[in-house]
Amino acid sequence: MLTTVLQFAFFMFSVALLLNLLRFFRGPDLLDRILALDTIYINSLALLILLGMWHHTSFYFEAALLIAMLGFIGTVAAAKFLLRGDIIE
Amino acid sequence: MYLALMVALPFLGAIAPLLVRHHSRRTISYAAGAVAVVSLLLLGYLTPSVLAGEVPQFLATWLPQLGLHVAFRLDGLSLLFAALILGIGLLIIIYAHFYLSQHDDAGRFYACLLLFMGSMLGIVTADNLILLWFFWELTSISSFLLIGFWFHQSNARRGARMALAITGAGGLALLAGILLIGNIAGSYQLDAVFAAADAIRAHSLYVPALLLVLIGAFTKSAQFPFQFWLPHAMAAPTPVSAYLHSATMVKAGIFLLARLFPVLGGTFEWFTIVTLVGLATMLFGAYFALLKNDLKGLLAFSTISHLGLITMLLGLGTHGALLAALFHILNHATFKAGLFMIAGIIDHETGSRDLRKLGGLRKAMPMTMWLAMITSAAMAGVPLLNGFLSKEMFFTEAYQQHLFGGLSWFIPVLVTLGAMLSVAYSIRFVYDVFFDKAHELPKQPHEPPIMMRVPVLILAALCITVGIAPMIMVSGFLTPALTSVAGADAEVYIALWHGFNLPLLMSVLALLGGIIIYLQRTELFNFNRQFDIRDAKDVFAGIVSRVTRFCDNLMQRIETGSLQRYMAALFILVLVFVIPELMNISALTGSRPQLDVDAISLSGAIILMAAAFGAVIFHRQRLTSLLMLSVVGLMVSLVFIQFSAPDLAMTQLVVEVVSILLMILALFFMPQRIPRSSTGGRVARDILIAGFVGGVVGSITFALLTRPFSSISDYFLANSVPGGGGTNVVNVILVDFRGFDTLGEITVLAIAAAGIHKLLNNLRPFMPSGDVDGRAWHQVKHPMMLQTISQLVLPLALMVSMYIFLRGHNLPGGGFIAGLVTAAAMILQYMANGVDWVKERFNYNYQSLAAIGVLIASLTGVGSWLFGANFLTSWFTYLDWPIVGKFEIATAILFDLGVYLTVIGATLMILANFGQMTTRHRPRQEGH
Amino acid sequence: MLSQHLAILPLLIPLFAALLQLFPWGNNPQFYRRIIGLVSCSLLIIVSVTLLLQVNSTTLVYAVGNWQAPYGIVLVVDRLAAMMVLLTALLALPVLIFGCYGEDNLGSHFHALFQFQLLGILGAFLTGDLFNLFVFFEVLLISSYALLMHGGGKQKLRATLHYVLLNLAGSALFLISLGILYGITGTLNMADMAMKVSTLTGDDAAIARSGGLLLLIVSGLKAALLPLYFWLPQAYATTTGTVAALFAIMTKVGIYAIIRVFTLIFGADAGLAAGLGYDWLWWLGLATLAVGGLGVLGSRDLRLAIAYLVVISVGTMLTTFSMGNDRAISGVLFYLLHSTLVTGALFLLADVIAAQRGKTASRIIKGRKLAQHAALGLLFFVAAITVIGMPPLSGFVSKLFILEAARTGAQVALLWPLVLFSTFLGMIALSRAGSRMFWHTLPGKPADISHPRGQLATIAVLLLGAIALTIFAQPVSDFTTAIADDLSQPERYIEAVLQLTGGDHE
């Protein structure tokens, strides 16, 4: 059962990633692209967690944690750039 | 020993005039004169043994590997030249003392003169061909300084440069020739070279060697077609002209011909080239000497002509011709040095050297007139003077050769013509200056100081005595000299009177013809006026500046200053180098089994590639392009995870984000829109190059990945726990196996931080006041939402980073990742709360932090020394504490701490400095 | 205790010096930084002389972290490395002293970066590990990026940008090349790699060859070989004298890397990869020589002319090296010693001349009379005839070595004319420069900027090195011949590195 669910989840998240990519390319605005990037981060970390479950290991959790934190910081930086131009002031 | 001392003395002595530079002129001259006198005495000391047929030699090894020795010899030829160099040199020093004005720097003058004297002595006494070349080039250099002595005059500067260029180039040709000869002979020592003479003449490289040596000799001796530099070297002070351009330097080429005659001479090539060049030079020089209005110009061309005469004699190469050549070298040096000094006296006393202005000086300077008449008569070849004797011998030789078969009569005819011209300009020298009608002159002429005339007097006396009693005066000198050129047991016989014969007739014709030509000279001048003869100096300067401009233009074409082209060159070279190698590969795919592809990997690969292309496609919209790059980075780190490299993945992630942050920071200062600057062709070229390079690298990578692989990594896997005390091999490699690399890399990080700090210190960049579409920046600097969240993130992030740091030795993590995580969390604080806010709470000098980090890591390494182990040798043990349990302590963790601190210090230093810069200089138009 | 760690001291001294110099040091930091720097450079000379005396009897191998080769990183001090280290130290001290007369105040971190630069250079000479070589290349590059900008200015920034970007591309290629070589041989230790490469067959050899050629490109970029030299002229011509003088050794790092790698790993014994790249080096070296000659003649600026003289020297050295015989390699090394010291002196001199000439700076046009006309004229004269290879100083000796090394007819027919012709062009260019700058002066008062005697003395000291090279030419060339002999028998190096005993780790 879990295997099927996991496989389904893998598939869905992969499709989601490809859709994110589409949005990322289509834009049309920078904001859309930043959001797409942020979502790509989130979906990747979801994939990582799934991978951990698939392999029955907690090995990937730190990496997922880092992606979460760094993705956040990256998005903040891009947003701040749009807002103020200068991200550290 | 005395021989070496004699040569070395002028070099050492060159310092003497400089040392007494600030003393009186007299002291300086005495110092210089003393050097010449002592050298001359040494020569005198050595002379008897040379005359007795010995050849004193001196040998000290210098560079045996090259066959270069400090080797001197004093055979007859050397003695003849050495006597000329030192004797006339001494007279010149005396003369120059009176000639130079008070403004001239006599110390520098004498120093250069002595340097030159030493170099000349070196040439004539060198017993080693390379040593000879060594001194040869030294004469070029020291004469450059002497010709350019009055460097405020444009003539002097250009003359000096031209002389250096021509004689220097000749010297380089000579070097090549000498190396060829030495390679054939197996040694550069003269005795060995002489011994190998037959082998050299028979060798296939004989002709190139001969040509190269002749180029050297002809440039130095101003032979046709290299004669043009000599007249312009006359911009030198007259003592220099008298010394260099009559008695010594120009004779160096002649000396070389005589020196190498036993080795290179006697062949058809030698005879043809040397004789014809000599003949051409003689005629050319004589003709132009007559046309010159400048006194020194006349003498310069006459020197060229006489050098041609000697060259021609050496080319003829018979016993008599060689004797005549040597004899004329001596004679020419005496009368020409005298004439130059007279020219100098006239210039000095009247302020002019122009034959059209000068005239009627016989009343004002009677004694000078007599001296001039004697020396010019010697030059013209008037009987009872030395010039007559050597010229008669020359005529004899010219008449006796039968080298061009039925057309051999050309040579005596042309020779007689040359002699006529010689007579004509000699007359002109005397008549136009001392007789003729007087003109207005810049100065009131009168006799020069007596000591200025004495050197000329000595030389004139020599002209007469040698002319009357040649056998008594010079045969002693000439015998050994001829022996060393022509071979053993040379006999010298010079007679005053040979009876009525053809050479005498030629002499008579020359004298009569000369007088006629002189009388008809205006016709000749008018004839010559039809030709537009450009000044060689201007031609030379023109050529140099044209070539310079050409090179400059060419270089600007090669180096356009376009980075794209330089990059293209780099990558094209990569293709040119690597593609042929890859074409040799028979099968790219190796024997390793390949993995299956799953859907996730596939979609990951699609995203990776799409984002990579996107980064290029969107490169004109900088932020978009950056975002694409960060997708690439994310995907790469996922790939690392997929292939079980969590350490790499984590490192990649953090590095990725931190560098993207840095680039966003920099983006603020960059032009917001990139103009479309590349043409279609350029884009196509770039795509081609990039595509090919990518393809090549991809192919190689593919080839490598599909091949079975055994490497040192097996050792690392096996030794990680027993040797490094950690189960995370990656970390053990980083901090232990290859800890030295890590030390280097954190050093790089610290340097980068210092470097960026240095760059930003000097930078006052432009800061836009609105975004790409011209909208003004938002008013709120630090949104509260962000502030709140980010402050929550900090403690969490710190905890995570400590965790990653501590477990690093055994599980994925380590100082580097931990440091970057901490740094990223700190950056978030900077972004959310601003520089000032952070500074209030966390005021630490990041630069020192980075330095301390590297210092801790390095000191950990040095700590091993205390235990007698090598730098960075690690140590670990397991402790078993109550409650805590069994755990490991290792020196590696100390090293990792250094890494951790460096990463934080360096990263924050870069980012915070960047931020601070904008805070300091941000234009204040927003009311905040 | 120190004698045991002698091999690593040349790296630790500048490392610790640089780290100490990074600290703030209170009110008068420059004073302390200068002291630290000078002490470091003096110690370096002592250490490198000691090293040189030791390596004559035995090659020192130092296993960092006590991990035996080929697994760990080893430092290898053979004659070649020891000579390069000594040369660096001898150049560094006078240059640093020159810099301490005020040039170090033109921007921040000068002293630390100077020491870091030394660290990178010395590390590249000493390491026996290819990846470690990459690391030290990075150390020297990143500090050189920063040093190039010392003093600021738009032109400098532009030249630096070119330099940085080209070298970044070079670093990427270096990594690719390392990946290839590691992928094929499975090792990073140069001695080990040499052994592995010699046994390669078929496609593996071809792949290794492409890796080796990439390494040649990377080293050629550092050395400034023809299509890769573009960064050099502007970078050297725009930066300050001290930095340019220190950089006199930088191109030599590239040349060192080529000599080391292409005698050890791709030398005559390398099986299918034997003699890799030598033909390329020959032709590109000749072309470099030619372009350098044109550049010298075309230069309208003294510094630029000197930079092209560096290009000429690179072409000369690489062409000669590619002839591959012992005499050639010995000649290259002798030339390297000579050219490093003299170009170093010339760059310093150009700085002084430019400062005293004021507005005309180092452009080759007539200008103001120099304040220290006689002293500078003498120094320039001596340096100029030395660098173009006229007697009596080291230039002609090294030129003779180079010419003598050409053995075959084709070598003679191409190398001699180009070397001699470039000498001729250099002679014309420098005599023109000297004549314009020292002789063709404008009437009026000379400049009022004069330099302290001590500062000029540093230039004289470098030139004294050239004089010493001339007088002691034979002993020096005995030493370089011994190096050439070592290099022609790479098994000596390999044995010394791989048969290291005592690698047992506690």
**Selection within the stretch B:561-575 - open to solvent by 60 Å² or more (accessible area, probe 1.4 Å) and not charged (D, E, K, R)** = B:Gln564, B:Ile572
**Request:** Look at the stretch B:265-295 and say how many of its residues are in a helix (DSSP H, G or I), surrounded by fewer than 24 Cβ atoms within 10 Å (Cβ to Cβ) and not small (Gly, Ala, Ser).
**Result:** 15
**Prompt:** Are any of the residues in the stretch A:74-88 buried (at least 22 other Cβ atoms within 10 Å of the Cβ), among the hydroxyl-bearing types (Ser, Thr, Tyr) and either in contact (Cβ under 8 Å) with a residue 24 or more places away in the chain or outside any helix (DSSP H, G or I) (or both)?
**Reply:** no
**Item:** Of all residues making up the stretch C:49-63, the number that are among the hydrophobic types (A, V, I, L, M, F, W, C) and in contact with a strand residue (DSSP E or B) (Cβ under 8 Å, 6 or more places away or on another chain)
**Value:** 5
**Message:** Can you go through B:Val55, B:Val35, B:Val70 and tell me which one is farther than 18 Å from B:Leu131 by Cβ and among the β-branched types (Val, Ile, Thr)?
**Reply:** B:Val35
**Message:** Against the condition more than 21 Å from B:Leu734 (Cβ to Cβ) and within 14 Å of chain A (Cβ to nearest Cβ), how does B:Gly915 come out, does it pass?
**Reply:** yes
**Item:** Total residues in the stretch B:506-525, condition among the hydroxyl-bearing types (Ser, Thr, Tyr) and free of Cβ contacts under 8 Å to residues at least 60 places away in the same chain
**Value:** 1
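Can you find even one residue in the stretch C:245-258 that is of a type in the set (Ser, Thr, Tyr), within 14 Å of chain B (Cβ to nearest Cβ) and open to solvent by less than 10 Å² (accessible area, probe 1.4 Å)? Full working, then the answer.
We begin by selecting, within the stretch C:245-258, every residue of a type in the set (Ser, Thr, Tyr); these are C:251, C:256.
Subset that is within 14 Å of chain B (Cβ to nearest Cβ): none.
No - not one qualifying residue is present in the stretch C:245-258.
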**Test for A:Ile49: is it of a type in the set (Val, Ile, Thr), surrounded by 20 or more Cβ atoms within 10 Å (Cβ to Cβ) and without any contact (Cβ under 8 Å) to a residue 60 or more places away in the chain** = no
**Near pairs, Cβ below 9 angstrom, 6+ apart or cross-chain, from the stretch B:582-604 (free of Cβ contacts under 8 Å to residues at least 40 places away in the same chain) to any residue that is open to solvent by less than 70 Å² (accessible area, probe 1.4 Å) and among the basic types (Lys, Arg)** = B:Asn584/C:Arg209
**Request:** Run down C:Gly344, C:Gly367, C:Gly377 and say which single residue is at pLDDT 85 or above and closer than 21 Å to C:Ile428 by Cβ.
**Result:** C:Gly377
**Prompt:** Do you know which residues across the stretch B:381-413 are assigned to a loop (DSSP other than H, G, I, E, B), closer than 19 Å to B:Thr303 by Cα and either modelled with pLDDT under 85 or touching a Cys at 6+ places or on another chain (Cβ under 9 Å) (or both)?
**Reply:** B:Leu385
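If a residue must be closer than 18 Å to B:Phe271 by Cβ, under 26 Å from the mean Cα position of the chain (by Cα) and open to solvent by 10 Å² or more (accessible area, probe 1.4 Å), how many such residues does the stretch B:213-242 contain? Lay out the reasoning, then the answer.
Of the residues in the stretch B:213-242, the ones closer than 18 Å to B:Phe271 by Cβ are B:213-215, B:217-218, B:221, B:223-224.
So of that shortlist, the ones also under 26 Å from the mean Cα position of the chain (by Cα) come out as B:213-215, B:217-218, B:221.
So of that shortlist, the ones also open to solvent by 10 Å² or more (accessible area, probe 1.4 Å) come out as B:215, B:218.
So the count comes out to 2.
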**Prompt:** Limited to the stretch A:22-46, what total is found for residues that are facing another protein chain (nearest Cβ under 10 Å), open to solvent by less than 80 Å² (accessible area, probe 1.4 Å), farther than 16 Å from B:Leu638 by Cα and of a type outside the set (Gly, Ala, Ser)?
**Reply:** 5
**Hey, B:Gly590 open to solvent by 50 Å² or more (accessible area, probe 1.4 Å), over 24 Å from B:Ala912 (Cα atoms) and not acidic (Asp, Glu) or not** = no
**Prompt:** Before we move on, is C:Ile207 within 12 Å of another protein chain (Cβ to nearest Cβ), farther than 26 Å from B:Ser562 by Cα, open to solvent by 10 Å² or more (accessible area, probe 1.4 Å) and touching a residue at least 12 places away in the same chain (Cβ under 8 Å)?
**Reply:** no
**Item:** Criterion (within 11 Å of chain B (Cβ to nearest Cβ), closer than 24 Å to C:Leu246 by Cα and under 18 Å from the mean Cα position of the chain (by Cα)) met by exactly one of C:Gly315, C:Gly292, C:Gly285
**Value:** C:Gly292
**Candidates C:Gln474, C:Gln499, filtered to the one that is out of contact with any Ser or Thr (no Cβ under 9 Å at 6 or more places or on another chain) and of a type in the set (S, T, N, Q)** = C:Gln499
**Fill in**
Of the listed residues (B:Ile543, B:Ile468, B:Ile515), the one being open to solvent by 40 Å² or more (accessible area, probe 1.4 Å), of a type in the set (A, V, I, L, M, F, W, C) and within 14 Å of another protein chain (Cβ to nearest Cβ) is B:Ile543
**Item:** Selected residue (criterion: farthest from the chain's Cα centre (by Cα)) from residues of the stretch B:354-370 that are surrounded by fewer than 24 Cβ atoms within 10 Å (Cβ to Cβ) and assigned to a helix (DSSP H, G or I)
**Value:** B:Pro366
**Asked** Can you name every residue in the stretch C:55-109 that is touching an Asp or Glu at 6+ places or on another chain (Cβ under 9 Å) and either more than 14 Å from chain B (Cβ to nearest Cβ) or closer than 20 Å to C:Ile459 by Cβ (or both)?
**Response** C:Val55, C:Thr59, C:Asp78, C:Arg79, C:Leu80, C:Leu96, C:Phe98, C:Glu103
**Request:** For the stretch C:154-173, indicate whether the set of residues that are open to solvent by 30 Å² or more (accessible area, probe 1.4 Å), touching a residue at least 40 places away in the same chain (Cβ under 8 Å) and facing chain B (nearest Cβ under 9 Å) is non-empty.
**Result:** yes
**Asked** In the stretch C:1-35, which residue that is open to solvent by 70 Å² or more (accessible area, probe 1.4 Å) and either among the polar types (S, T, N, Q) or in contact (Cβ under 8 Å) with a residue 40 or more places away in the chain (or both) is nearest to the other protein chains (Cβ to nearest Cβ)?
**Response** C:Gln4
**Message:** Considering only the stretch B:606-622, I want to know if a residue exists there that is among the hydrophobic types (A, V, I, L, M, F, W, C), at the interface with another protein chain (Cβ under 10 Å from one of its Cβ atoms) and touching a residue at least 40 places away in the same chain (Cβ under 8 Å).
**Reply:** no
**Complete:** Exactly one of B:Thr747, B:Thr706 is surrounded by 14 or more Cβ atoms within 10 Å (Cβ to Cβ) and closer than 30 Å to C:Ser108 by Cβ, and that one is B:Thr747
**Request:** Identify, from the list B:Ala797, B:Ala776, the residue that is touching a residue at least 24 places away in the same chain (Cβ under 8 Å), away from chain C (no Cβ under 14 Å), open to solvent by 30 Å² or more (accessible area, probe 1.4 Å) and touching a Ser or Thr at 6+ places or on another chain (Cβ under 8 Å).
**Result:** B:Ala776
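The values are calculated or read from the model by the stated rules, or taken from the named source; none is laboratory data. Because the structure is a prediction, the values reported are computed rather than measured. As a convention, Cβ positions derive from the backbone with ideal geometry for all residues, glycine included, and neighbour counts pool all protein chains shown. Accessible surface is based on the protein model in full, side chains and every heavy atom, while ligands, DNA and RNA are left aside. Shrake-Rupley method; radii C 1.70, N 1.55, O 1.52, S 1.80 Å.
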